[in-house]
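Student: Please find one structure pasted underneath; my questions will follow.
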Amino acid sequence: MRSVTLTTLLRAAHRRMVVPAGLAAAVALATFTPAFQTPATSVAAADREITPGKRKDQVVDVYEKVKAGVVNIHSERTITTPGDDPFTRQPVQPQRVNGMGTGIVLDPRGYVLTNFHVVDDVHSLRVRLHDGSGYTARVLTTDKEADLAIIKIDPARPLPTVPFGTSSDLMVGESVIAIGNAYGYEHSITDGRVSFKGRDVTLNKDMGYKGLIQTSAPINPGNSGGPLLNIMGEVVGVNVAIRAGAQNIGFALPADYVIGRAADLIGKRRGGPRHGIVARDTVTRETVESPTRRSLVVDSVEPSSPADAAGVKPGDVIEQIDDITVVTSIDLERGLIDKGAGAKVPLKVTRDKTSVALELSFVGVAARPTLVTAAGDLAWKRLGVKLQPVAADAVAKANPQLHGGLLVTDVAAGSIGAASGIQKGDILVGLHTWETLNLDNVTFVLNHKDFATFQPLKFYLARDGKLRDGWITGSP
């Protein structure tokens, strides 16, 4: 096999004014001296004037309603000392860095929405619920452009979800509430106002956001992926970034944008046959103070699709799929997330004010074909990844000295590869000290007579134009 030296492209980061709100940070405590030294007046509890309903106000009420649907995320990344040559046998000095973030429960089975930057390049994820129970999490699917990701835990019991409202009618000055894992202080709650709508923010030369909600509710490192809520307890945004050095300037992705992108993420994760429904999320509110009423309306139906065969028509309002009540496109996709070829799924729609029972049948509908060779079978069996060779130009941005690699086309949920942080779309360029230009290269490493001495198995991959590495710590 041919070997090559990979030049590490990571450099010391420049200071940035705007940073993701999910990055790890050191916490220091300081003692402050009051500006005025006038002694404080002591008021006995019995002397305080108490107005009924003022203690348990709207903020308390919202927290009590949604706290169980918000999770705390703790992660671990491995950073290799710059200058190490990953394809020599010289020892490296990897450093493990802890990270933190927040997530919103989308489905009682343990599907959680968070930010992409919270889970990017991590090799371990741990989720802690409000009741203190903890679970190992795995990354299912990501959307870097939207800065969103879906992770999965396997809870001991069904989890409550948090209702989505709308960001379309947010008012500047409106009260909002943020809940998150701020600086690792789990389930911290802050409140403030909507400071601005539609704010464009540049994070760095490679990443920026459009149309964000700016809020004065304090957002801190660790809040990323957590909900921004209105006083009715509806998610109006997903907290994503802060202004470094500023006070009470935070940003959130608008809820209506998040709903569409999260539904796409679930649909991509589900894979298999398409349902054929093209729908739009709609939202109404009777008065300014009324709760949001969301619905999913069918815009069109793909010809010869399961939806077409079931009799779904444009204008139908989807009410229920399987046993899930549908109010957003997220609900439609999560109702099908564990359904594959051959499944028959009950669907209920409202048509001309009449409830109509239908059935989506995937019998005879082929899932996406996959090409797996004998060598590919070994990678799938041992690592839980499906691989496809790509040319050198696919990895040239990461390092022009690379000769090619293996595109990760699928990662099995709960597999060793998934637990090690390998993601769909990555390009595997090396295992241990060898390049991986084809599937036979992977077979060579996994079947090597000295394989036991390779543990933990080092891997190298190209992701988003950058060279990354990690460790496979299981027993493939």
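Here, each number is a calculation from the coordinates, and none is a lab measurement. Note that the coordinates shown come from a computational prediction; the quantities given were computed from them, not determined experimentally. Methodologically, a virtual Cβ is constructed for each residue, glycine included, from the backbone with ideal geometry; neighbour enumeration extends over all protein chains shown.
Student: Would you mind counting up the charge near VAL278? Only other residues with Cβ under 15 Å from its Cβ, with Lys and Arg at +1 and Asp and Glu at -1.
Tutor: Every neighbour counted, the sum reads -4.
Student: Could you work out how much longer the chain between ALA244 and LYS313 gets when fully extended? Use 0.36 nm per residue separation minus the Cα distance between them, nm to one decimal.
Tutor: 19.9 nm is the gain from fully extending ALA244 to LYS313.
Student: So for each of 394-401, 123-130 I average, over its residues, the number of other beta carbons within 10 Å; can you give me the resulting order with the highest mean first?
Tutor: Most protected by this proxy first, the peptides run 123-130, 394-401.
Student: Between THR350 and VAL278, what is the spin-label point distance in nm, taking each point 7 Å from the Cα along the Cα→C-beta axis?
Tutor: 2.4
Student: Using R₀ = 22 Å, calculate the FRET efficiency as 1/(1 + (r/R₀)^6) where r is the Cβ-Cβ separation of THR136 and ARG109; round to 0.05.
Tutor: 0.90
Student: Using 0.36 nm per residue of separation minus the Cα-Cα distance, give me the extension gain between THR325 and ARG96 in nm, one decimal.
Tutor: 78.2 nm
Student: Whole-Hz Karplus ³J(HN,Hα) for segment 444-454, in order, using 6.51 cos²θ - 1.76 cosθ + 1.60 and θ = phi - 60°, x for Gly and Pro?
Tutor: Each residue's phi maps through the Karplus curve to give 4, 5, 5, 9, 4, 5, 9, 4, 4, 7, 7 Hz.
Student: Another question about this same structure. Just order 444-455, 146-157 by mean Cβ neighbour count inside 10 Å, highest at the front, would you?
Tutor: My ranking of the peptides, most packed first, is 146-157, 444-455.
Student: Plugging the Kirkwood radius over Cα pairs into Stokes-Einstein for segment 117-242, at a temperature of 4 °C and a viscosity of 1.567 mPa s, what D comes out in µm²/s?
Tutor: 83
Student: Using packing as a proxy for protection, rank 405-418, 295-308 so that the peptide with the highest average count of other Cβ atoms within 10 Å comes first.
Tutor: 405-418, 295-308
Student: Which three semi-axes in whole Å describe the equivalent ellipsoid of segment 149-209, each the square root of 5 times a Cα gyration tensor eigenvalue, listed largest first?
Tutor: 26, 19, 15
Student: Under 18 Å from the 7 Å Cα→Cβ point of LYS381, by amide nitrogen: which residues of segment 414-447?
Tutor: Of the residues in segment 414-447, 415-417, 439-447 have backbone N under 18 Å from the label point off LYS381.
Student: Continuing with the same structure: For segment 152-256, give the share of DSSP beta bridges that are antiparallel, in percent and rounded to the nearest 5; count only bridges with both residues there.
Tutor: 95
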